[in-house]
Ligand SMILES: *Cc1c(COP(=O)(O)O)cnc(C)c1O
């Protein structure tokens, strides 16, 4: 059917999506749709004022043939936090999980086989759909969850990336929506991402928007550095708490290493033995070099341009848990029967 190993990270049509509407103060039944379109009033709040939130998670076909969904409950909880902050009705965690399991089951034929390196990406989203012209919250909300198969992020092998620092762009303002997963943050960062590409980098490494002294996020991924047997990751109110980062921190502790969640000053970049960007899409992308565009300073993290041993180990560990190759001692995977 599909050439699994050639898939990229783009939308491929699948059979069904699931939907649920919040209307008259309550959530309705879960509906199954075979349409990829959302009929909507042109004055819907989400279209004009960005009342939206989304999630991203993955399902895998394991070594034992079973379907595993990685940390679905954490995505459900974050979806609630995002909705609340955007003044949208929060979808109950149980309903989120039920919808995710249902849409994965319905599209089982699109789950890439074990060994292909590919997976089924699950995209939940919530939008305010009431027609309004004045700026206010919607009364009606729609949650849609669709899936699409995605290829291995590192097609040409696990390769380090180069990123840059520029003080001309912020992803989010200091007291803004940085800690929730909403489309507006992405819209606001498209230009910066484009600039970084123009300059020859994979992405921008954002500084904290208040003082521009500390590392925040790496594009739409969390940042970590490793030195002296310690995994260091920035603490900041403008960072989206990544579930991958949370998982890496646990694995690092399991390996007997230390974890520090704290402010990371730019200068500390020169001390890291390894650095990486982490998120659901790639698990972790090793960072080989960080160029500060404004000061001209280059932080060379990987002297030989190869991924570091700890990043490689962490990447392999997470993959092995997702694929059922290693015991899931923290109960991260939900197995679909
Ligand atoms: C989704 C996202 C991440 C990664 O989070 P995961 O839960 O690991 O996928 C990091 N930063 C931003 C801004 C995000 O939107």
Requested in this report: For helix 183-198, report the angle its Cα long axis makes with the longest principal axis of the Cα atoms of the chain; keep it between 0 and 90° and round to the nearest 10°.
Outcome: 40
Query raised in the report: Relative to the longest principal axis of the chain, what angle (0 to 90°, nearest 10) does the C-alpha long axis of helix 309-322 take?
Result: 20
Query - Alpha-carbon centroids, region 139-171 and region 197-219: separation in whole Å - result: 15
Query raised in the report: Distance in nm between label sites at residue 281 and residue 1, each 7 Å beyond Cα in the beta-carbon direction?
Result: 2.5
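Sort 238, 166, 35 by Cβ crowding within 10 Å, fewest neighbours at the top. Walk me through the intermediate numbers first.
On the way: 238 22, 166 19, 35 9.
The order, fewest Cβ neighbours first, is 35, 166, 238.
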**Report entry** Ranked 79, 22, criterion: other C-beta atoms within 10 Å, fewest first
**Finding:** 22, 79
Requested in this report: Would you give the gap between the C-alpha center of region 229-279 and the C-alpha center of region 20-52, rounded to a whole Å?
Outcome: 37
Report task. State, to one decimal in nm, how far the label point of residue 297 lies from the label point of residue 257, with both points 7 Å from Cα in the Cβ direction. Result -> 2.3
Requested in this report: Choose one answer from 263, 210, 249: the residue with the largest mean-square fluctuation in a GNM of the chain with alpha-carbon springs under 10 Å.
Outcome: 210
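Test of understanding: what is the full-extension gain from residue 10 to residue 66, defined as 0.36 nm times their sequence separation minus their Cα-Cα distance? Provide the component values of the computation, followed by the final result.
On the way: separation 56, 0.36 × 56 = 20.16 nm, distance 2.46 nm.
Extending this stretch completely gives an extra 17.7 nm.
Given axes a ≥ b ≥ c from the Cα gyration tensor, I'd like to know whether region 167-212 is rounded (a/c under 1.5), prolate (a/b larger than b/c) or oblate.
Taking the square roots of the gyration eigenvalues as a ≥ b ≥ c, region 167-212 is oblate.
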Query raised in the report: Three principal axis extents, largest first, for the C-alpha atoms of the chain, in Å?
Result: 56, 52, 34
Query - Choice from 36, 220, 277 with maximal GNM fluctuation in the chain (Cα, 10 Å cutoff) - result: 36
Query raised in the report: Which of 106, 125, 204 moves the most in a Gaussian network model of the chain with Cα springs under 10 Å?
Result: 106
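Taking other Cβ within 10 Å of each residue's Cβ, how do 201, 153 sort, fewest first? Let's see the in-between values first.
On the way: 201 22, 153 18.
Lowest count first: 153, 201.
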Query raised in the report: Once label points are set 7 Å from the Cα along Cα→Cβ at both residue 36 and residue 213, what is their separation, rounded to one decimal in nm?
Result: 4.9
Requested in this report: Any chance you could give the angle, 0 to 90 degrees and rounded to 10, that helix 93-106 forms with the longest Cα principal axis of the chain?
Outcome: 90
Query - Kirkwood hydrodynamic radius over Cα pairs of region 240-319, then Stokes diffusion coefficient at 20 °C and 1.002 mPa s, in µm²/s - result: 157
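Would you calculate, for the chain, the mean residue ellipticity at 222 nm contributed by helices, counting each DSSP H stretch of 4 or more residues as -39,500 (n - 2.57) and dividing by all residues, to the nearest 500? Each step should come with its number before you reach the end.
Numbers: 6 runs with 75 residues, N = 337.
Helix contribution divided over all residues of the chain: -7000 deg cm²/dmol.
Provide the gained length on full extension for the span residue 84 to residue 136, in nm with one decimal, where the gain is 0.36 nm per separating residue minus the Cα-Cα distance.
On the way: separation 52, 0.36 × 52 = 18.72 nm, distance 1.45 nm.
Contour length minus the Cα-Cα distance gives 17.3 nm.
Each value in this text was obtained by applying a stated rule to the coordinates, not by laboratory testing. Since we're looking at a predicted model, the values are computed, not measured. Counting neighbours? That spans all protein chains shown, and the Cβs are built from the backbone with ideal geometry, glycine included.
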